[in-house]
1. Would you call Thr98 farther than 18 Å from Gln38 by Cα, at pLDDT below 80 and β-branched (Val, Ile, Thr)?
2. With (1) outside the structural domain of Val76 (by TED's automatic domain parsing); (2) on the phi < 0 side of the Ramachandran plot; (3) at pLDDT below 80 as the list, and Glu61 as the residue in question, which single condition is left unmet?
3. Under 9 Å by Cβ, and 6 or more places apart or on different chains, what pairs join a residue from the range 66-91 that is assigned to a strand (DSSP E or B) with one that is among the basic types (Lys, Arg)?
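The values are calculated or read from the model by the stated rules, or taken from the named source; none is laboratory data. Note that this is a predicted model, so its numbers are computed, not measured. So basically every Cβ, Gly included, is an ideal-geometry build from the backbone, and we count neighbours across all protein chains shown.
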Amino acid sequence: MEVKLEAGARLDFLTKDEVRAELRAWGLEITRGIKFKQFSATVNLTAATFTIGGFGASVAETLGPAPGFVWAVTRVAMSGAGFLPAADSFSVFIDEITASKFVVGVPGVAASTAAHEWNVPGLILNGGERLAVSGGSTGVAGTPITLSGQAVELPVQLAWQLL
């Protein structure tokens, strides 16, 4: 709706229908609320080191939130025949395997542990960011290594609830 003021300036106001449509779209996005996400990706061990995820990887889209959402990652675990928890270790990164994107390194654990798990203290991924994991393995080449985990997903407008 357009209105002419006495001063000669023109203002463009939203109509009732335009306001209703915008509020409805915003309300639907907000009421979607919290979702609890499970994620995983598997690669076959080819050498003494491995990389899962990050940009350019075929599994990258499953290891982070879509644009407009945020993830509070709560757990990351490594397992599989190619990963030996007592001897092997891994490091977690955001987007790419570089020192500036490093989050945490996780050393080997007791031999009785079936999977190597990291309970995450406050790792937040913004829409478009992806987890990347790199590590060393003493497993047999060709055997699978799986990254799995959990995250709480929120629309970006509700990210303040993560504080």
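1. On the way: farther than 18 Å from Gln38 by Cα: yes; at pLDDT below 80: no; β-branched (Val, Ile, Thr): yes.
Spelling it out, it is not the case that Thr98 is farther than 18 Å from Gln38 by Cα, at pLDDT below 80 and β-branched (Val, Ile, Thr).
2. Of everything listed in (1) outside the structural domain of Val76 (by TED's automatic domain parsing); (2) on the phi < 0 side of the Ramachandran plot; (3) at pLDDT below 80, Glu61 misses just condition (1).
3. Listed pairs, sorted by first residue: Phe69/Lys35; Trp71/Lys37.
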